[in-house]
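Coordinate-derived values only; no laboratory data. Keep in mind that what you see is a predicted model, and the values were worked out from it rather than measured. Cβ placement follows ideal geometry from the backbone for every residue including glycine, while neighbour counts extend to all protein chains displayed.
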Amino acid sequence: MATAASAPALATTSKISLREDLTCAICCDLFREPVMLACMHHFCKPCISRYWRGFQGPVSCPQCRKEFSTKEFQTNYLVAAMVEKVRVTTSDSYLKNLEKQLRDTLESHRLRKEDFMNSVRRDKDKMDAIKRAGADLQARVKGEFQALHQILQNEETCMLEQLRREQEEELEKVQRHLEAVKLAVRELEDNMRALKQASANTESVVLTELPQLRQCVQVDTAPEFDINTFSNKYMAPLQYITWRKMFKSLKPGPSPLTFDVDTAHVSIYVSRDKTAAAECDVVVPHTDHSKRFLQCVNILAAQGFQSGQHYWEVEVTSKPKWDLGVASESVDRRARIKLSPESGYWTLRMRNGSECSAGTQPWTRLQLSSSLQRVGVFLDCEERRVSFYNADDMSLIYSFTNGPRGKVFPFFSPCINDGRQKPQPIKLLHYPPVALLG
Ligand SMILES: [Zn+2]
Ligand SMILES: [Zn+2]
């Protein structure tokens, strides 16, 4: 602070002493048209002229009294320039202007600082938002894995419980047999004792009849224990069996969709099991239905969704041209409409076998890391999210975050074939036998 305060003070001091140096000793003001005498003293030209006006013959310097024979002086342009500079820099308007510049510069600095402070605040807010989003997602991921762990835990508990029960049953069967045999042995021993006693008595007593014997209990044949039968259920591909069971418990698991024939454009042929749809060049026999697409070669699934999370998989194999996604129940089926969220469609589209785009207006071109054989569609009604995955490696292709409100149906368009190739169908996959993890 000390150096900052003393610097302007120093400048002011040097400016004052310079002003004194450039002051005329006669009028005590800054030189006007400064001239220099032979003694090197300076005066204003009007002042020295006026001072010498009454003198005839030799004159003297008003400052040092040195005498000169003639009234001679020289104009000093250098001093004149310095005087002009000092006059300007000490003028009111100059100072006012300087002060204004100072205030303006200060204000612009203040505004810039404010901008930076706002930027700092925004960055901090962003960091907070990232942290919050990260924490939310962490909780979500943990929840999903928790659910998977729970399924596995339940399966394990269930299987171990079953094994314990079966082991118990086997043991009980043998235990029951063992006890029956033991009882039979005891009865036989009793009878043997009675018989032995009777036999020992025959020497003294005439044996008239057999001693009273206990009725021997019937013992069933020993229960079979077949180690192979017992272990068959457990000496199995347990991981795969459990995985298949898990697959059915997944939330959302792949929805087993079917095509709704009543929605199909008249040139879409649907397979008997309603899982394959292909475009054909004849009119398919049909009945009039208000649900039917009249202009575009479109078809919907029979299953509509308006809450929860849903996932389904569609096989497109090497079909060069298709659209698929979801459509609002309310879409106009009589009109030819450009597919976009604004018109009620959230779609992925393929053209020329490799040109993949998201169905926005205009289209958003997407780069695929590998060829797209099967597409996974994920619909989260609450989060209003529609995402597309490459179902072979579950890599994300595109995600709409401005998803639908209200009821939607899975949407498909096999598109019009260019005639050079045999039309290929779009297929709905039911629990596809592909490994989802790695
Ligand atoms: Zn003067
Ligand atoms: Zn002088």
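Within region 94-105, residues that are without any contact (Cβ under 8 Å) to a residue 60 or more places away in the chain reach partners that are part of a helix (DSSP H, G or I) and surrounded by 10 or more Cβ atoms within 10 Å (Cβ to Cβ) with beta carbons closer than 6 Å, at six or more positions or on different chains, in the pairs TYR94/VAL88. Restricting the first member to region 315-343 and to residues that are at positive phi, and the second to residues that are assigned to a loop (DSSP other than H, G, I, E, B), the beta-carbon pairs closer than 6 Å and six or more apart or on different chains are THR317/GLN373. For first residues located in region 63-89 and within 18 Å of ALA38 (Cβ to Cβ), partners that are assigned to a strand (DSSP E or B) and more than 15 Å from ligand 1 (Cβ to nearest atom) and lie 6+ apart or on another chain with Cβ distances below 6 Å form the pairs GLU67/SER60; PHE68/VAL59; LYS71/VAL59. Restricted to region 237-316, the set of strands (runs of 3 or more DSSP E) holding at least 1 residues that are surrounded by fewer than 18 Cβ atoms within 10 Å (Cβ to Cβ) and more than 31 Å from the chain's Cα centre (by Cα) comprises 268-270, 276-279.
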